[in-house]
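Derivation of every value follows stated rules applied to the coordinates shown; laboratory data play no part. If you're wondering where the values come from, they're calculated on a predicted model, not measured in any experiment. Methodologically, a virtual Cβ is constructed for each residue, glycine included, from the backbone with ideal geometry; neighbour enumeration extends over all protein chains shown.
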């Protein structure tokens, strides 16, 4: 296995224009009649690393007697997954696909009643996924008696179950399973999806649905940008005024700790880590609204009752509040990583404020954020928090010196700045994840997923190895109503780029499979939008 907001608009648009020919492949392929792309049947997404398949050989699946078997009955995550996929494959939420026809051998050779699941290591069976989770698996459905799914850890078994479910399809009233040999593992160990729940509140049910679909695409990190300027929906025990005063609604638009833990366990059962982000010292107007004594007002032009502020990095009270809040958050979120933000800090807010003159005299503007980030980094790395920090790349540009790693720098800008930031971050001992070309809140006509598909983080940065990548959906124009169709299957293009072999790059081949995958998601009950032109889901 291989281990290795707006202000971005012009950067992302320049990337899209540079790669417009890839989207054009989808937009301009218009046969006179019928679908633009003929869907595949029983082809997996993302594509496995080693995938040996005879397109004319299939098994018949016994609807009545099929079941999973395993000797690892004490592994709660595996047992729940077996029940989940049994329902997914045979339940009412996955209706028959009997209308579709294809070239496969209609008879099939063997009737499958069982799939055996073997784990080589049960150590993580009842634990949380982490940075060293092993997602390798081997799936062999060519065996004469029953297919076998073998994985080093339960996380690989989860990925193999998803692949198996995608290999099963219905034709002429019969469930069929492709005969394949698969040896699979992720190209990158970090494959994330970021959601912003501050600009619009996203319900717990919709967050769980997103985690379900992430499992179907083999994402393994949910980066939760839980607070920002606009609202503070996290209901803190130590500082209840944050959500009481700065959420959109103090009862209906908050995340209680019990709900957050429910989401974390829902993610764990699907092999997905949950990493919180509390962005500071910028994007903190909601903090300042609730607790003015730790903030600086950046403008006198805001209407009465409104706040446009940053945290005050020069007073002890700020660090006391941040430390106590982050200690609480670290107890709620078990993952080793904690995202501290650090992006888009308006230094002018500090330098132009007369109340701060005594603090800033004799200092350079870049010193201010450096001092804050270094202090918070030390706080987060030490007891009782003991976390590894993630930061946006801005800290490499705006800060004179934030010290050395360990930690992760998230690259989100698409210009030459990124090359400098990556080099500096690596020199200082930080790992890299890449997001620049995967901002899904920017939408365009037609097959824009193709641009996400061809973007390769190692090629874009001209650097390897990196830890992985992450697609981001900022929430200014997204809520429960349009979250799922905005994300899916566009995010699936990123999922395959982060999982599959780097040489899998054909947009036209991928178009047939992503069309099937989109319909697969629709059959599973998700409002995934069409992305390959004229088509129909049977």
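Summary table below
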item: Efficiency of FRET between residue 73 and residue 527 - r from beta-carbon atoms, R0 51 angstrom, step 0.05; result: 0.90
item: Separation between Cα centres of segment 46-86 and segment 355-373, rounded to whole Å; result: 58
item: Three-way shape call for segment 406-538 based on the alpha-carbon gyration tensor, with the a/c threshold at 1.5; result: prolate
item: Helix-only CD estimate at 222 nm, as mean residue ellipticity for the chain, using -39500 (n - 2.57) per DSSP H run (n ≥ 4); result: -10000 deg cm²/dmol
item: DSSP beta bridges in segment 190-524 [antiparallel fraction, %, rounded to 5]; result: 10
item: Ordering of 248-256, 205-213, 159-167 by burial proxy (mean other Cβ atoms within 10 Å per residue, highest first); result: 159-167, 205-213, 248-256
item: For segment 397-448 versus segment 494-531, the gap between their alpha-carbon centres in whole angstrom; result: 26
item: Prolate/oblate/rounded label for segment 322-422 (Cα gyration tensor, a/c 1.5); result: oblate
item: Residue-span extension gain [residue 464 to residue 127] - 0.36 nm each, minus C-alpha spacing; result: 118.3 nm
item: Scattering curve values for segment 208-302, log₁₀ I(q)/I(0), Debye with Cα scatterers, q = 0.23 Å⁻¹; result: -1.13
item: Value in Å of the Kirkwood radius, where segment 267-350 supplies the Cα pairs that are averaged; result: 14.2
item: Computed label-point distance, nm, for sites residue 359 and residue 259 using a 7 Å Cα→Cβ extension; result: 3.3
item: Cα gyration tensor category, rounded, prolate or oblate, for segment 150-221 with a/c compared to 1.5; result: oblate
item: Whole-number percent relative contact order across segment 190-524, with pairs defined as alpha carbons under 8 Å at least 6 apart; result: 17
item: Segment 190-524: C-alpha pair distances exceeding 36 Å, %; result: 18
item: Gain upon complete extension [residue 204, residue 181; 0.36 nm per residue less C-alpha separation]; result: 4.5 nm
